[in-house]
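One structure below.
Just so it is clear, none of the values below were taken in a lab; they were calculated from the coordinates. Keep in mind it's a predicted model, so treat the numbers as computed, not measured. As a convention, Cβ positions derive from the backbone with ideal geometry for all residues, glycine included, and neighbour counts pool all protein chains shown.
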Amino acid sequence: MKIHALDQEREMIEVTEAEAFNHAGAYRSDGDFERDCKLISWIGKRKHRCIEFDPVTYSADLEGARTDGIEVLITKDKT
């Protein structure tokens, strides 16, 4: 997990997809729907975004998330 400052009072947490599911209490044995429900419950009302991690565009994606006030940024590996 990485923490990025949005301003003096707010911050954005950046987690990988696996870390997000771990924080949500979702297990591999859970069905897709159950995992998604747990993830949405963990995110709650926080503004969130999921991006595909690409070293070429990462800096621009991160800056865009900061500008948009994203509170939870989930990075997914390219497959």
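Helices (runs of 4 or more DSSP H) wholly in the range 4-79 with at least 1 residues that are in contact with a strand residue (DSSP E or B) (Cβ under 8 Å, 6 or more places away or on another chain) and charged (D, E, K, R) - which ones? Of the helices (runs of 4 or more DSSP H) lying wholly inside the range 4-79, those with at least 1 residues that are in contact with a strand residue (DSSP E or B) (Cβ under 8 Å, 6 or more places away or on another chain) and charged (D, E, K, R) span 17-24, 58-67. Do you know which residues across the range 12-56 are over 14 Å from residue 74 (Cα atoms), touching a residue at least 12 places away in the same chain (Cβ under 8 Å) and loosely packed, with under 13 Cβ neighbours inside 10 Å? Correct list: 25, 41.
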